[in-house]
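Have a look at the structure below, then the notes.
The values are calculated or read from the model by the stated rules, or taken from the named source; none is laboratory data. Just so it is clear, the model here is predicted, and its values are computed rather than measured. Positions of Cβ are backbone-derived with ideal geometry, glycine not excepted, and every protein chain shown enters the neighbour counts.
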């Protein structure tokens, strides 16, 4: 499986551990979450919103427990020829 491990911003020790642990694994990328607050601008209300609900959802339970989320990114990794 290919994937990205996104580690919570304030979990720098966990980030370093996972980065070291998966460093030789080409199919897993370890990233530190860089999001910081709301990106939408509240300057002006849109004329009409066609969406029926907010697209954003709560993070999965795994985000709260271990401090990271594994995001699958596609097909299984192909073995590297020896």
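Structure data summary
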{"quantity": "Residue 5 being at pLDDT 65 or above, outside any helix (DSSP H, G or I), touching a strand residue (DSSP E or B) at 6+ places or on another chain (Cβ under 8 Å) and at negative phi", "calculated": "yes"}
{"quantity": "Close pairs (6 angstrom Cβ cut-off, 6 or more residues apart or separate chains): farther than 18 Å from residue 73 by Cβ in region 1-25, not in a strand (DSSP E or B) anywhere", "calculated": "8/33; 8/67; 9/33; 11/67; 14/67"}
